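Scroll down for the structure; my scribbles are underneath it.
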Amino acid sequence: MLSANLVKPGVLPGALPHEAPATQEPLASQFADLYQQREVATLGMWVFLATEILFFGGPLTAYAIYGGRFSDDFVAASERLSVPLGALNTVVLLGSSLTVALAVRAARLGQFRSVSLLVLATIVLGVVFLGIKALEYSHDYAEGLIPGIRFTAEWRPGVEARHAELFFFFYFFLTLLHAVHMLVGLAAWAVLLLRTLRGRFSVRWNAPIEVAGLYWHFVDVVWVFLFPLLYLLRH
Amino acid sequence: MEAQAPSHVQSSWAYLTIFAALVVLTGTTVGAALAPLGHWHIPVALLIAAGKAILIYLFFMHGLESGRLVWLIVMGALLCLSILLSFTLADYRSRPDDSHLRGLRSAACEQCRTTSG
Amino acid sequence: MTTATVEPRPQMREPRPRGRIDYLNVDFGARSWLLTTDHKRIAILYLVSITLMFIVGGLFAVLIRLELATPPGDLVSADTYNRLFTMHGVVMLFFFLIPVIPSVLGNFLVPLMIGAKDLAFPRLNLASWYVYMTGALVALWAMLAGGVDTGWTFYTPFSTRSSHSYVIGTAVGVLILGFSSILTALNFVVTIHRMRAPGLTWFRLPLFIWSTYATSLIILLGTPVITVTLLLLAAERLLGIGIFDPRLGGDPILFQHLFWFYSHPAVYIMVLPAMGVVSELVTTFSRKTIFGYHFVAFASIAIAVLGFLVWGHHMFVSGQSVYASLIFSFLSYLVAVPSAIKVFNWTATLHKGSVAFQTPLLYAFGFIALFTIGGLTGLVLAATAVDVHVHDTYFVVAHFHYIMVGGTVMAYMGGLHYWWPKMTGRMYPEGWAKLGALIIFVGFNLTFFPQFVLGYQGMPRRYHEYAPEFQVLNVMSSAGATILGAGYALPMFYFLWSLRSGKEAGPNPWGATGLEWATSSPPPPHNFETTPTVTLPPYIYSRKEADVVG
Amino acid sequence: MEPGFSLFPEQASTFAGPVDTVYFAIVLVSVFFSALTAILLFFFAIKYRRRSNDEFPQPTIGSSRLEVSWVCFLIVVFLSMFFWSAQVYLAMARPPDHALEIYVVGRQWMWKVQHLEGQREINELHVPLGRPIKLVMTSEDVIHSFYVPAFRLKQDVLPGRYTSLWFQATKPGRYRLFCAEYCGTDHSRMGGWVTVMEPAEYEAWLTGATAPATTRPAGTVERVPADDWLLGGRADLSMATRGRQLFLKHQCIACHSADARARAPVLEELAGATVPLQDGRRAIADDDYLRESIRLPRAKVVAGYQPIMPDYPPDQLDESELQQLLTFIKSLKRGQTPRRNEETPPPVRKDDR
């Protein structure tokens, strides 16, 4: 079931001549060989990540403009967010990036038992991240910080409530956008976990894991920028 | 070219050290937020975040070994985003008072001000 | 891998051997079309759906011109008219002009021109068509349910506060459509980078591939911004948060910045593929290598890059700072230079060529002449002082119709006629096609040239009723519109007619030199019997030329 | 605006001449290049038409020297257009300091104009000949655009902010006024006339000698709600006086009194001064600053004062009243702040104004 052929690290695993194709050949018809298919998959993901940079860039530009104009109100609103939970979330997500990096490494080495364990760890860390976010959202709801729906929080005299509401709109818009990307990533990891367990991948063909890894690292990089910009606005 | 020829594979220790560096940087950015940096808060926070992003790109995303084309794609997207940001900010920064235009006032067309015809 | 030497002599009479498998007769039935992953069939699916959207957009245009034949608003009410010009804009721009050449001609030709069996991600390509149809259906539902009256620009705070129409429905339709463009562009970029035939270096690529590549760059970098801007617009309209509404602390000019950051590069998404088509037509029908290949190729990339720097020239009078307006005006003049290089090189290519007057070349000439006028009136609009007078008047309407209808649609018609034999294996009727081209050229100029004069006289755009002194020119414009409408109807008939009883077209009816002419017409499912090897730069027509360059 | 066919509208402002000149220069260059392209296309196509099917032309690869010189030539031509029009644009951007200010409010589907002396108009604007006029404009709802083709000028009118447009009329007459930014159902009916009058005639008009003018879109019979706003525009109650009444009516005097030790800054000699703010920044007290400090006082709190001033949203103080208040504040010289106990004319109720 699992091709657990341990290979001495450092040797080019792909070059084993006697490697019997444990899995049926996944070469798509329009490609010359598996190498081209892997190159195309990774390049496709990188181009998609370029569009994602612009996709997150749009609201961040608007956030930067309003941050410049209403800096005091944004600082007052940002102080309402809990920095410990945010920092913890960042570490959780960095951890999931670590497990993904190790999973891709293990896949290249053909150690598919550790690949499935690491992918499982990634999914668990992802769910923990979303759990903490849900906790924060319920905390914000209780305090009446939901823009447009329930924004009843009290502000100290110098703060304009509408600008604070604008800050919280960007907070929810950016973090929900990020959370949606997390969900898509978790769904992808679940599918890949099943495929790994069914032995679909081999040392010669595991590009999907690497491509999903690129996507996940990008979602982590987005949070790396969102955390200071949203949580750590101070005078 | 026969099968998939992945590049060299780093040891798992390398990844662990990168992860540790990232966690340390997260700590520093939180620390920097508490320090009284005044209007330097955001530049410092962005600098640290950029550092973490570069670490993730180079090591976790194999940026080092994935060739010039991928680097070009990432730089292209970041350049495009910086164009959007810088031109929009240029508009907002130069909007309240156009005092800097007083200098150009002499260049303005005289005929437009005197009653002609 | 055999070297597919392209025989640059037109072979017309070669009878099609019975029983040869091509992408059309390899399979029949709805399933074979709706679940295909063959880029050629997906191109045909796009051709059908985009032509339908063009007809819908055209109907709105006819109603608008009928209303504007008389100064008072007597054909339709003001609200209906506002919905008409908005939907004409939305349908024609997002559902026709932006996807047409990349999705129809690009999908069909990119793999053929670079010697690949198919695009990099065939399933993603089919998904792109389904996403397009979903977006189109959502927008059509919004139109039938009540339409949208904000103008295709959705300016706030009118679109988020005062408009009582289906703004969110249309915005979601356009938003979904953005993903379809992104998927197509992603497919093209990866295919052109990684799946070229052996020997096909970047400077041996046909110029249509260069311009499709540059278009894909713009789509990939621009579309995400409009997608997220429409999301912000829908959020503001639903939640009442003051992102762009000044009453709640927002700034309407920020919406204009984010909107035009995509929407100006979008006009290059529309015109760049047309330039690629014209480069192919001019070389083939003058049987000469393009003049200054490197300049034309890099001009496409220069347009893609500079296109992102100039969006502010839409906002000279919108309350943008004088400083920013001067910067945008300066850069807008620089972005005009690459287009002028292309026009210069097309004209120089004809010099000492062997020019054959066939319909595609007539459309190419129409493009070059009308695009030059459209481009030069762009210089008028880039001049800040003059733009203050002509902004939001019919001068602007005439300018962008000269570029989009005189430019892109002309080139699309030329490209459609040029590659029709390759797509269907049949020739279109030459006589009728030339007549159609002439009618379109005359109708177009009669419709839109008077609008330049109207614009400078000061007739604002999007007016349901106008001052009586503008009537003379408006009647001319409306008359021209009917001729233009007839001009576009004609090809639809003879193209369908040619499917049944058009002459047999051999693999290379025009004697062109692209790789797509090295395979049969219509091509087999996997494009080439054996993957071709390329040894020569493109557009080499004669033996002498081959050894001069080879 | 005599009917009849003319290629371009009348030149009725000092900008019309320069703008037309720049326009014609660019049009001439455009006609030259378009004609050159068309003639070359036609000439090459006829001269080098294909005579026989196996005719193969000489290979010419292209000369980069020709291309580079073409590019340099283009850049010189284009940039000269840029500098020429930028020069005129800069003149448009900076109104002269002593311009006559007229206040304009755009709302869905009419223009409401107020003159400093108190005269009010709808869809009409009377201006004197030969004096620089500065229109200070804002909108009550969506974006409009004040466009007078004869002056070659237009400026978007934004809600929540002041935008200005300046011109100097050179020819008496009546010129069309349009709204150029799409603003809804009656966007095409939101227009009227700008009347340029001799200075003497304008003074007579200002003192109410003639009835207040209004251009009602053709066919509207019913009483437009703005009618009573219009009739209120008597010449004896100038905008500054009306602003002073509002200053007292809304109890601004309670805090903004003459002595500096009070709870709010003194408003004398404020217009154009540089105001130090609490967070260390400095703001110039232009129209936008005054408007924001009335609508959203907590946005920019002056250094040394507490943010205790309440908001004044549009339903308490509409755009026309805010403009009157602004005129009053800008007219305050040293020592002119009204004292608290001064008897003021009976408080003017909203409906009998």
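A few points about this structure:
Let's see how each residue does on (1) more than 21 Å from the chain's Cα centre (by Cα); (2) more than 9 Å from chain B (Cβ to nearest Cβ):
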| position | (1), (2) |
| --- | --- |
| A:74 | yes, yes |
| A:77 | yes, yes |
| A:80 | yes, yes |
| A:83 | no, no |
| A:87 | no, no |
| A:92 | no, yes |
| A:95 | no, no |
| A:98 | no, no |
| A:104 | no, no |
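- Failed condition for residue A:235, given (1) modelled with pLDDT under 95; (2) touching a Phe, Trp or Tyr at 6+ places or on another chain (Cβ under 8 Å): (2)
- Candidates are the residues of the range C:242-252 that are surrounded by fewer than 24 Cβ atoms within 10 Å (Cβ to Cβ) and in a helix (DSSP H, G or I); the one that is nearest to the other protein chains (Cβ to nearest Cβ) is C:246.
- The single condition from (1) within 27 Å of residue C:108 (Cα to Cα); (2) assigned to a helix (DSSP H, G or I) that residue C:428 fails is (2).
- Screening the candidates C:361, C:350, C:281 for the property of being touching a residue at least 12 places away in the same chain (Cβ under 8 Å), touching a strand residue (DSSP E or B) at 6+ places or on another chain (Cβ under 9 Å) and closer than 30 Å to residue C:435 by Cα yields one hit, C:361.
- Some residue of the range D:29-42 being out of contact with any helix residue (DSSP H, G or I) (no Cβ under 7 Å at 6 or more places or on another chain) and under 23 Å from residue C:540 (Cβ atoms): no
- Options D:185, D:207; residue that is facing chain C (nearest Cβ under 10 Å), out of contact with any strand residue (DSSP E or B) (no Cβ under 8 Å at 6 or more places or on another chain) and either surrounded by fewer than 24 Cβ atoms within 10 Å (Cβ to Cβ) or not polar (S, T, N, Q) (or both): D:185
- Test: residue in the range C:215-223 that is surrounded by 23 or more Cβ atoms within 10 Å (Cβ to Cβ), touching a residue at least 24 places away in the same chain (Cβ under 8 Å) and under 30 Å from residue D:142 (Cβ atoms): yes
- Qualifying residue in the range C:205-224 (condition: within 14 Å of chain D (Cβ to nearest Cβ), over 19 Å from the mean Cα position of the chain (by Cα) and part of a helix (DSSP H, G or I)): no
- Test: residue in the range C:124-140 that is in contact (Cβ under 8 Å) with a residue 60 or more places away in the chain, within 14 Å of chain A (Cβ to nearest Cβ), closer than 30 Å to residue C:529 by Cβ and surrounded by fewer than 21 Cβ atoms within 10 Å (Cβ to Cβ): yes
- Filtered residue count, the range C:462-482, keeping only those that are touching a Phe, Trp or Tyr at 6+ places or on another chain (Cβ under 8 Å) and more than 8 Å from chain D (Cβ to nearest Cβ): 3
- Any hit, the range C:179-192, residues being out of contact with any Leu (no Cβ under 7 Å at 6 or more places or on another chain), assigned to a loop (DSSP other than H, G, I, E, B), touching a residue at least 12 places away in the same chain (Cβ under 8 Å) and buried (at least 24 other Cβ atoms within 10 Å of the Cβ): no
- Residue list for the range B:59-84, filter: among the charged types (D, E, K, R) and in a helix (DSSP H, G or I): B:68
- Output for the range C:376-400, where each listed residue is more than 10 Å from every other protein chain (Cβ to nearest Cβ) and either within 21 Å of residue C:334 (Cβ to Cβ) or among the acidic types (Asp, Glu) (or both): C:396, C:399, C:400
- Hits in the range B:17-37 (condition: part of a helix (DSSP H, G or I), free of Cβ contacts under 8 Å to residues at least 12 places away in the same chain and more than 7 Å from chain A (Cβ to nearest Cβ)): B:17, B:20, B:24, B:27, B:31, B:34
- Of the set (1) in a helix (DSSP H, G or I); (2) more than 11 Å from chain D (Cβ to nearest Cβ); (3) more than 21 Å from the chain's Cα centre (by Cα), all apply to residue C:417 but (3).
- Residue satisfying condition, being under 27 Å from residue C:283 (Cβ atoms) and of a type in the set (Phe, Trp, Tyr), within set C:493, C:444: C:444
- The condition of being under 30 Å from residue D:274 (Cβ atoms), at pLDDT below 95, under 17 Å from the mean Cα position of the chain (by Cα) and in a helix (DSSP H, G or I) holds for only one of B:89, B:101, that being B:89.
The values are calculated or read from the model by the stated rules, or taken from the named source; none is laboratory data. The structure displayed is predicted, hence computed values, not measured ones. Quick reminder, even Gly has a Cβ in these numbers, built from the backbone with ideal geometry, and neighbours come from all protein chains shown.
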